């Protein structure tokens, strides 16, 4: 019992670290005050495109605030006894 609690705690901590470390990925690229060359502008635009490709990606799945749907409500039959 004690060993499984330790393993569960370690897994939970690793999950928390993984989730919190991903926050830096969503920061937009730093824009220079002045672009000194066309290549620097190209690199910035490429990084900005990659940022928007990740941030703008649709998220599928259940929302935290979504309510559960009762399948009996969808059948159209009443549940009178």
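For segment 25-49, how many residues meet the condition of being part of a loop (DSSP other than H, G, I, E, B) and more than 18 Å from the chain's Cα centre (by Cα)? Qualifying residue count, segment 25-49: 9. Among the residues of segment 3-33 satisfying the criterion of being at pLDDT 85 or above and in contact with a helix residue (DSSP H, G or I) (Cβ under 9 Å, 6 or more places away or on another chain), which is farthest from residue 56 (Cα to Cα)? Checked segment 3-33; the qualifying residue farthest from residue 56 (Cα to Cα) is 32. The numbered conditions (1) surrounded by 10 or more Cβ atoms within 10 Å (Cβ to Cβ); (2) at pLDDT below 90 are all true for residue 43 except (2).
The values are calculated or read from the model by the stated rules, or taken from the named source; none is laboratory data. Everything numeric here is computed off the predicted structure, so don't read it as measured data. Please note: Cβ atoms are built from the backbone with ideal geometry, for glycine as well, and neighbour counts cover all protein chains shown.
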